[in-house]
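Notes follow the structure.
The values are calculated or read from the model by the stated rules, or taken from the named source; none is laboratory data. These numbers come from a predicted model, not from an experiment. Note that we place each Cβ from the backbone using ideal geometry, even for glycine, and neighbour counts take in every protein chain shown. In case anyone asks, the SASA skips ligands and DNA or RNA and just uses the protein heavy atoms, side chains included. Shrake-Rupley method; radii C 1.70, N 1.55, O 1.52, S 1.80 Å.
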Amino acid sequence: MKQALIIYGGWEGHTPKETSQFYQTLLESEGYQVTLASDFEPLYHKEELKRLDLLIMNWTRGELPDEPLQNVTQAVAEGLGLAGVHGGFASAFQASKGWLFLTGGCFLAHPGGLETTYSIDLTTDHYITANTQSIPQLTTEQYYCLVDPAVTVLATSTFAAKDHPNAANQDVILPMMWIKKWGKGRVFFQSIGHSLKELEEPTIQTWTKRGFLWATRNTLADPLKNSQYSE
C-alpha cells in the first residue's frame, strides 16, 4: 500500500484542512494510506520520510525551517514524490530559495482576483492530461508564476489582465501546470484550487489526481498502462 503524507496549514484563506481532506479522498480512492499533519514535525524524521511514497505540501505562505527543508530535498532526490496545488505549493515558503529550486516555480500575483475569466490550454501529451481537453472558460484566480526552465509545462493560459502594466510587453503565456524531476523523485504542481469549488471541477480533479499518482515513488498507477504517457 502506498503511503502519502499531507502537510497543511498557513493562511486560512485557502481552507488548508478542507482541501487536504479532499486530496486525502482522491488518494484513498486509489488505495493509498494517507496521513494528515498540521505542522512540520513529520519532516524532521529522515528515516520516516524515506518510507513514504508521496508528500503533498498544502501550506500557504509561512517559513519552512532549514532542517525539514533539507530532509525533504534529500528524500525527493532519493525518490519521494512531491506534489501540491495552488498557493499551498507555489506560494509556500517564498523566502526559501531551496524550496523554490525544488518545486520549480514561485507565485507572484493574480491580477484580476477571483473574477478573472480565461482558458486553460493543454501544451504537452502526458499521462496526466491524456484523454482530457483544454478548458475553454474558467473564472477564478489566474496565477502569475515565475518558473524554473527545467520544468515540463503541461498547461498554460494567456494573461487575461490586458489593462495591467506588464501586458504592454506582448501576449504573456503563463504556465499553469508543470512537472519536473529532482534526482530520482518527481514533482507535480497545478495552479487551480483557491477553494473546493475549483478543485471539484471534473477536469481539474482529474489532472490533480493523476498528478499525485504520477509523482508517487516508483509507480504511475496508470490506467493507460504501457502507453506513451508513462513519463
Which residues qualify? For residue 2, with a placed amide H closer than 5 Å and at least 5 residues away or on another chain, they are 33
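Could you state the accessible area per residue of region 108-221 in Å², with a 1.4 Å probe and every protein chain left in place? Walk me through the numbers before you get to the answer.
Working: 5120 Å² over 114 residues.
I get 45 Å² per residue for this part.
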Quick note, region 91-153: a/c under 1.5 would make it rounded; otherwise a/b > b/c is prolate and the rest oblate (a ≥ b ≥ c, C-alpha gyration tensor); here it is oblate
The answer for residue 60, listing residues at least 5 apart or on another chain whose modeled amide H is closer than 5 Å to its amide H, is 9, 11
Once residue 167 and residue 66 are pulled to full extension, the length gained, defined as 0.36 nm per residue separation minus their Cα-Cα distance, is 32.7 nm
Counting only residues 5 or more apart in sequence or on a different chain, those whose built amide H sits under 5 Å from that of residue 79 are 184, 185
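Sorting 163, 53, 121, 171 by accessible area (1.4 Å probe), largest first, what list results?
Working: 163 140, 53 20, 121 55, 171 105 Å².
If we order 163, 53, 121, 171 from most to least accessible, we get 163, 171, 121, 53.
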Phi-derived 3J(HN,Hα) across region 142-153 with the Karplus relation (6.51, -1.76, 1.60, θ = phi - 60°), rounded Hz, x for Gly and Pro, is 10, 6, 10, 10, 8, 10, 4, x, 7, 6, 9, 7
Here the FRET efficiency for residue 48 versus residue 158, based on Cβ atoms and R0 = 30 Å and rounded to 0.05, is 0.10
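Evaluate E = 1/(1 + (r/R0)^6) for residue 1 and residue 25, where r is the Cβ-Cβ distance and R0 equals 25 Å; express this FRET efficiency to the nearest 0.05. Working shown, then result.
Values: r = 16 Å, r/R0 = 0.64.
Efficiency, from the Cβ-Cβ distance: 0.95.
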HN-Hα couplings for region 180-190 via Karplus (6.51, -1.76, 1.60; θ = phi - 60°), in whole Hz with x for Gly/Pro, come out as 7, 10, 10, x, 8, x, 10, 10, 10, 8, 9
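What pairs from 17/180; 2/46; 50/197; 17/181; 46/209; 17/97 go past 24 Å between their alpha carbons?
Values: 17/180 26 Å; 2/46 18 Å; 50/197 34 Å; 17/181 28 Å; 46/209 26 Å; 17/97 26 Å.
Exceeds cut-off: 17/180; 50/197; 17/181; 46/209; 17/97.
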Per the charge dipole of the chain (beta-carbon charges, Lys/Arg positive, Asp/Glu negative, Cα centre), the residue among 124, 92, 176 reaching farthest to the positive end is 124
A 1.4 Å probe over the protein heavy atoms gives region 43-116 a carbon and sulfur accessible-area percentage of 53 percent
Computed from the beta carbon distance with a Förster radius of 25 Å, FRET efficiency for residue 39 and residue 74 to the nearest 0.05 stands at 0.80
Candidates for percent of Cα pairs over 25 Å apart are [x] 38; [y] 43; [z] 35, and the calculated one carries label [z]
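Please arrange 29, 195, 91 by accessible surface area, largest first, computed with a 1.4 Å probe and ligands excluded. Intermediate results must be reported in sequence, preceding the final value.
Working: 29 75, 195 35, 91 15 Å².
From most exposed to least exposed: 29, 195, 91.
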In order over region 162-173: 3J(HN,Hα) from phi, Karplus 6.51/-1.76/1.60, θ = phi - 60°, whole Hz, x for each Gly or Pro, gives 5, 8, 7, x, 6, 6, 5, 7, 4, 5, 9, 9
